[in-house]
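Trainee: First the structure, which I've put down as structure tokens, then a few questions once you've had a look.
Taken together, the values in this text are just the output of simple stated rules run on the coordinates, not laboratory data. None of these values were measured; they are calculated from a predicted model. Using ideal geometry, Cβ is built from the backbone for each residue, glycine included, and neighbour counts are taken over all protein chains shown.
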Amino acid sequence: MKNKTRITFDNFEPNAIELLGFAKNNIVEAKEKENKLPIRYKNKLSIAYMLLDEVQEFLFNN
């Protein structure tokens, strides 16, 4: 029987820039997957994405 190496991320602690990226990715995924979401709320998600992107950009540049 072959030994399989298991990769774990138990000690993985993303920084703020990475966390903001995860949040942005989740917004994109939610907008794509939820077809019944009214346009009003899709627009709010777009605004949230832009705000997260602005903060992420600031952190990246400073």
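Trainee: Tell me the Kirkwood hydrodynamic radius of the chain in angstroms, computed as one over the mean inverse distance between distinct C-alpha pairs.
Mentor: Kirkwood radius, the chain: 14.0 Å.
Trainee: Roughly what angle does helix 39-61 make with the longest principal axis of the chain, taking Cα atoms, 0 to 90 degrees, to the nearest 10?
Mentor: 60
Trainee: Let me ask something additional. At a Förster radius of 35 Å, what calculated FRET efficiency corresponds to the Cβ-Cβ distance of residue 45 and residue 12, to the nearest 0.05?
Mentor: Using R0 = 35 Å, I get an efficiency of 0.85.
Trainee: What is the local net charge at residue 59, summed over the other residues whose Cβ is closer than 14 Å to its Cβ (Lys, Arg +1; Asp, Glu -1)?
Mentor: -3
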